[in-house]
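Enquirer: To start, I am sharing the structure in question, which I have written as structure tokens.
A short reminder: the numbers here are calculations on the coordinates, not readings from a lab. A quick note: this is a predicted structure, and the numbers were derived from the prediction, not measured. Note that each Cβ is placed from the backbone with ideal geometry, even for glycine, and that neighbours are counted across all protein chains shown.
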Amino acid sequence: MNILISTGGTRERIDSVRSIANTATGRLGSLVAGCFDKVPETERIFYVCTPNAPRPESARAEITVIEDTAGLEKAVREILRHNRVDAVIHSMAVSDYRVRSVTTPARIAESAVNASVIEAIDRAPSLEQDAKIRSGENRLVIVLEPTPKIISLFFINPIHIPRVSDTSWLLAWLAGGPEARGDRLS
């Protein structure tokens, strides 16, 4: 049996020193990995985690460390492309949004000639995000865009035909309450 576990909280960069982050610790995923490690039928544990998440101490755990939603998407795609996965425990707190651009009100105003507010925001030049944004800016505008829904990677299409295997299990946590569901993918 091969298990894929995602755990921890992603962070999305604003610039080279700042980020927007989920505060999940990754403890749940670590505990789940420890439980699967005790099951003799477990062959491999694909453990995708954020840098500060605890790591399982298991010879069967193949650990991939990611920081942001794009890294998680890449890691999950690679695991699913090259391996059979029998169960997915998707407990990572994944960012719903990532930074598209960082700009200033002045730059938006310059772009607003004959444009709606949304068009002006879209047109405004972004500050350099690969370096530290100067602290001398009085006001910044951070424009966010949605991230891909990672859970959709486990399905081929919206009618939920399983990508992993027709006997696989998917367990995912949804923030905000007891909406967690364990659905068999068959």
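Enquirer: Starting from the amide H of Ala61, placed 1.01 Å from N in the peptide plane, find each other amide H under 5 Å away whose residue is 5 or more places distant or on another chain.
Expert: Residues meeting the amide H criterion: Ile45.
Enquirer: Order the peptides 7-19, 133-145 from the highest to the lowest mean number of other Cβ atoms within 10 Å of their residues.
Expert: 7-19, 133-145
Enquirer: Sort 42-50, 70-78 for me by packing, meaning the mean count of neighbouring Cβ atoms within 10 Å per residue, highest on top.
Expert: Going from most to least packed, we get 42-50, 70-78.
Enquirer: What is the calculated FRET efficiency for Ile118 to Cys35, with r their C-beta to C-beta distance and R₀ = 30 Å, to the nearest 0.05?
Expert: According to the calculation, E is roughly 0.05.
Enquirer: Can you list residues from other chains, or at least 5 along the same chain, whose modelled amide H is less than 5 Å from the amide H of Thr104?
Expert: Correct list: Val141.
Enquirer: Further, regarding this structure: Rounding to the nearest 20 debye, state how big the charge dipole of segment 97-144 is about its Cα centre with +1 on each Lys and Arg Cβ and -1 on each Asp and Glu Cβ.
Expert: With Lys and Arg at +1 and Asp and Glu at -1, about 160 debye.
Enquirer: Given 10 °C and 1.306 mPa s, compute D for segment 97-144 with the Stokes-Einstein relation, Rh being the Kirkwood radius over Cα pairs; round to the nearest whole µm²/s.
Expert: Rounded to a whole number, D works out at 143 µm²/s.
Enquirer: So, one more: Would you mind listing how long segment 1-108 runs along its three principal axes, going by Cα atoms, in whole Å with the largest first?
Expert: Extents along the principal axes, in whole Å: 62, 26, 18.
Enquirer: Turning to a different aspect of this structure: Taking the Cβ of Glu137 as the centre, find all other residues whose Cβ is under 13 Å away and add up their charges (Lys, Arg: +1; Asp, Glu: -1).
Expert: +3
Enquirer: Between Leu140 and Ser152, what length in nm is gained on full extension when 0.36 nm per residue of separation is reduced by their alpha carbon distance?
Expert: 1.0 nm
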